[in-house]
Amino acid sequence: MLRTTIWTRKGDIKVIQQQNKLINNWTLFLFIGLILTIFRLFISISTEIYFGESIKGHSYQWISALIWLTILFKILRSPEILYGYNVLHQKINENKNNTLVLNDIWKKSTNIELNNEQHLVLKEKIDSNIIDYIKEIESISLKYELFRNSKLTISDLANSLKIPKSHLSYLFKYHSTISFSEYKKVIRIHDAINQIEQNYLKNNTLDSLSKKVGFTSYNPFFTSFKEIAGVSPLEYFKMNKVDFEQ
């Protein structure tokens, strides 16, 4: 009866599955609690009938206390039941926002109107874990190695992350302020700045640096660096050279 009338069918979406699992666990837990309460009542009535004694409850107060303590402990272990799994998941994601390095690039809001049926399906699969997806992208991006490949494609990134390419395409279309091509430039300039700050140019040229971080030649590297950093690579190097000498 519980399975057919209360438990919902297992969904295809991760959040629905988690919520259904939570409901299943709580249904069983409360059902067991109800059985124990009925059993306690049965003992009280039986004792009164067969022994002619009226139980005032003192002898079995520990049972009631134990049941309520167990319920409270269960609530502390599974706070989602108080306001729903979706709300809790959203609150956790809001806290995760503060740990994003490239925070200005990402759009975390899931209030997006879509007309494309395929994108609607992707939205249901992705939006509940949007911050986790972004953190995974940032984590592999800021290791820089993958983006030093000048021929890097979105498929390569998807394969490295072990997620479908369609998910990445959706993320960069609806949850990023820049395209994937622009994102590659940002990561490569981050890499270049990191190399300059580690004194890479002490024994290497700017042209060598541009190719090391994934640009095919110096000119697009120069243009991208000035656009993103606000100064040319040489100017940035001179600014940091003072720090090295000091």
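Each value in this text was obtained by applying a stated rule to the coordinates, not by laboratory testing. Source: prediction; values computed, not measured. Cβ coordinates were reconstructed from backbone atoms using ideal geometry, including for glycine residues, and neighbour counts include every protein chain displayed.
What does the charge dipole of region 183-245 about its Cα centre add up to, to the nearest 20 debye, if the Cβ of each Lys and Arg holds +1 and the Cβ of each Asp and Glu holds -1?
In total the dipole reaches around 220 debye.
What Kirkwood hydrodynamic radius, in Å, does region 183-245 give when the mean of 1/r is taken over all pairs of distinct Cα atoms and then inverted?
For region 183-245, inverting the mean 1/r across all distinct Cα pairs yields 11.4 Å.
What is the calculated FRET efficiency for residue 238 to residue 109, with r their C-beta to C-beta distance and R₀ = 45 Å, to the nearest 0.05?
With a Förster radius of 45 Å, E is 0.65.
At 10 °C and 1.306 mPa s, grab the translational diffusion coefficient of region 136-184 from Stokes-Einstein with a Kirkwood Rh over Cα pairs, rounded to a whole number in µm² per second.
It comes out at roughly 145 µm²/s.
Using 0.36 nm per residue, how much length does the chain from residue 180 to residue 211 gain when fully extended, once their Cα-Cα distance is taken away?
Fully extending the segment from residue 180 to residue 211 adds 9.2 nm.
Estimate the FRET efficiency between residue 159 and residue 31 by the formula 1/(1 + (r/R0)^6), using the beta-carbon distance for r and 41 Å for R0, to the nearest 0.05.
The computed FRET efficiency comes out at 0.35.
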